1. Kindly indicate the residue of segment 67-123 that is in contact (Cβ under 8 Å) with a residue 12 or more places away in the chain and acidic (Asp, Glu) and also nearest to Ala136 (Cα to Cα) among those meeting that condition.
2. Please enumerate the residues belonging to segment 210-245 that are over 11 Å from the mean Cα position of the chain (by Cα), touching a residue at least 40 places away in the same chain (Cβ under 8 Å) and assigned to a loop (DSSP other than H, G, I, E, B).
3. In this structure, does Lys140 turn out to be closer than 22 Å to Arg30 by Cβ and touching a residue at least 12 places away in the same chain (Cβ under 8 Å)?
4. Take the residues in segment 229-250 that are farther than 24 Å from Arg13 by Cα and among the aliphatic types (A, V, I, L, M); name whichever of them is most open to solvent (accessible area, probe 1.4 Å).
5. Quickly run through segment 17-37 and pick out the residues that are modelled with pLDDT under 95 and of a type outside the set (Gly, Ala, Ser).
6. In segment 89-189, which helices (runs of 4 or more DSSP H) lie fully inside it and hold 1 or more residues that are on the phi < 0 side of the Ramachandran plot, surrounded by fewer than 16 Cβ atoms within 10 Å (Cβ to Cβ) and not acidic (Asp, Glu)?
Amino acid sequence: MLQNETQETTRWRVLKFGGTSVASRERWIRIAEILRSRTSEGFAVALVCSAISGVTDLLSELVVTRRKGLDISALLDTLEARHHKLGKELGINAQAILAGDFETLRTLLSSSNIAPRAEAAIIGHGELMSTRLGAAWLSKNDVPCAWVDARELLIANTYPQDDASKYLCATCSPAPDEEVQSRLARRAQIIVTQGFIAASEEGETVLLGRGGSDTSAAYIACLLAAEKLEIWTDVPGLFTANPRLIPEARLLRRIGYRGAQALGALGAKVLHPRAIEAVWEHG
């Protein structure tokens, strides 16, 4: 007699943390608390992280400086020091963990003729490095997780376009994918991946442009058919105006997709319009 087997569907939550939220031991302790809370509720979690605050700007400065034919050694030293400092705070060996990344960066920066393809690969390293450190610290502190390259998950749309747009301001059109959901669920209950980066059809690094980490998180939430996407930041929520500039700004306790998209289009930096579009489409 054959017995039908039923497989319980994995319930996913996607949590995105920005640059200031991954820049210190204190913040990673908070991330670990949130992850434990979600997994205790029975969720599998995709943790999407930005580069450490200020690192993307530093990588962009490296590209500009190298294109001018100027010495970049001091900038590279600053970049390494920033990650080694966080590694020391976290009690992990950042130098060993990130050795391959810095070797790749030096190779990409060896010529001053940096095309958009190489520029994307250089600037996208911030997220790769922050997530390697974060995953190492989480695993060391009894939060089992698997590091996953976002370029395995997100493939950019291919349109007739110039190289700058193709590599530096790409878009994706993810749809729920049960094979990917199952594969990631088998890896670990928590996966750690990157915002801001995706892959071209040829497997090259592309960037998702302004608001790219929020957009990545939205794309990954769609891919995983997640029940909820949580964007964690250093402000309490979405306001009617910038609360740092306008004390009378009102915190919006609840807002619909259309309202959030409108605020984003008007310049609100908390959520990017492209992130809203993706989660709106997939509910």
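1. The residue in question is Glu89.
2. Answer for segment 210-245, where residues must be over 11 Å from the mean Cα position of the chain (by Cα), touching a residue at least 40 places away in the same chain (Cβ under 8 Å) and assigned to a loop (DSSP other than H, G, I, E, B): Arg210, Leu224, Ala225, Ala226, Glu227, Thr233, Asp234.
3. Values: closer than 22 Å to Arg30 by Cβ: yes; touching a residue at least 12 places away in the same chain (Cβ under 8 Å): yes.
So Lys140 fits the description; yes.
4. Ranking the qualifying residues of segment 229-250, first place goes to Leu245.
5. Result: Thr20, single match.
6. Values: elements: 94-97, 99-108, 116-123, 125-140, 163-168, 178-187.
Once the helices (runs of 4 or more DSSP H) in segment 89-189 are filtered for at least 1 residues that are on the phi < 0 side of the Ramachandran plot, surrounded by fewer than 16 Cβ atoms within 10 Å (Cβ to Cβ) and not acidic (Asp, Glu), what remains is 94-97, 99-108, 125-140, 163-168, 178-187.
The values are calculated or read from the model by the stated rules, or taken from the named source; none is laboratory data. If you're wondering where the values come from, they're calculated on a predicted model, not measured in any experiment. In this analysis, Cβ positions are derived from the backbone assuming ideal geometry, glycine residues included, and neighbour counts consider all displayed protein chains. Please note that ligands, DNA and RNA were not included when accessible areas were found on the heavy atoms of the full protein model with its side chains. Shrake-Rupley method; radii C 1.70, N 1.55, O 1.52, S 1.80 Å.
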